[in-house]
Amino acid sequence: MPGNPMPRFETPLVPRNSISGRALIAVVAIMTFLASLTIGAVILIATAASEWQSDVAREVTIQVIPAPGRDLDAAVEKAAGAARAFPGIGSVRAYSKEESSKLLEPWLGNGLKLNELPVPRLIVVKIAPGAAPDIPQLRRILAEQVPGATLDDHRGWIDRMRTMAGTAVAAGVAILLLVIAATMLSVTFATRGAMATNKPVIEVLHLVGAKNAFIAGRFQRHFLLLGLQGGAIGGGIAIALFALAGAVSGWFTGTAAGDQTAALFGSFSIGIAGYIAVLGQVVLIALVTALTSRHTVNRTLDIID
């Protein structure tokens, strides 16, 4: 007969349908759901910020400031002509006085008379696809040919947008780490509770020669299944929510509210990469649950021994 055979169980060492097990599934599901929402939000913000930066980087603005004795219309036309003749420029559009004044209505209201105010005239210059014009050179040409004209390449706005996106990603990573830490604490308490409940069985296993690794493996498999079950529930709800949000945003495409929302947040679709990230997170949470349980069992058994 082989020596020291491992004991066989007709029933699991840790009951699968205990109250603590169901509670842990609920906790893991909630944690996975929150982590999935965080990942989805980070993806949406990063994608929208990237699109904003791309759009803003392909456009510069020329402002012509009114001054006493200056023919503003002629100055605007001259600045627009200088921009059109510059290499790498795709299109140039000079705003009329009425259009420039209308841009101020969201801040000043539409009841003010702006005729007497020195409202600057705007010229929107779009860079040709694939081109990289020498913006400092264009700025110097405008300063020489059209006094009072200034060129804004929106670098400050792009830097602030990049900082905002980086902050959102960092916050998302911090929230994900907190969720993992909370999951580990929950699993640790659940494992200790399960070990306390099954202490007589564990002592008998020691008496018949079961190694700590064998007992830890039983707990690890049990909590791995719980982690997968809870993670699948939380991740599945998050995936359904993102799919629903994408469908709803598609229904409102073409409306004023839908276009404004799309301009701010994109299509509310996290894409294939986002769904893969959520599924990977489900697996990560399950592995964290299993490994935390094994580590807790080993430490507890070492103290007992």
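The values are calculated or read from the model by the stated rules, or taken from the named source; none is laboratory data. Since this is a predicted model, take the numbers as computed values, not measurements. Reconstructed Cβ throughout: ideal geometry from the backbone, glycine too, with neighbour counts over all protein chains shown. Ligands, DNA and RNA are stripped out before the accessible areas are found, and what is left, the full protein with its side chains, is counted by its heavy atoms. Shrake-Rupley method; radii C 1.70, N 1.55, O 1.52, S 1.80 Å.
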Revision key, fill the gap. Taking placed amide H atoms and a strict 5 Å upper bound, the residues 5 or more places from GLU59 or on another chain that come that close are ILE127
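Summarise the long-distance tail of P(r) for segment 117-189 by giving the % of C-alpha pairs beyond 18 Å.
66
Heavy atoms only, 1.4 Å probe, whole protein assembly: order ARG299, ARG121 by accessible area, highest first.
ARG299, ARG121
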Study note, to complete from the structure: Sorted on mean Cβ neighbours within 10 Å (highest first), peptides 291-298, 72-79, 157-164 come out as 291-298, 72-79, 157-164
**Study point:** ARG218 accessible area, 1.4 Å probe, all protein chains in place, Å² to nearest 10
**Key:** 60
**Study point:** Residue-level accessible surface for LEU103, protein heavy atoms, 1.4 Å, Å²
**Key:** 80
Review point. SER101: accessible area at probe 1.4 Å, nearest 10 Å²?
Key: 20
Revision key, fill the gap. So, with points 7 Å from each Cα along the Cβ direction, the VAL204-ALA132 label distance in nm works out to 7.5
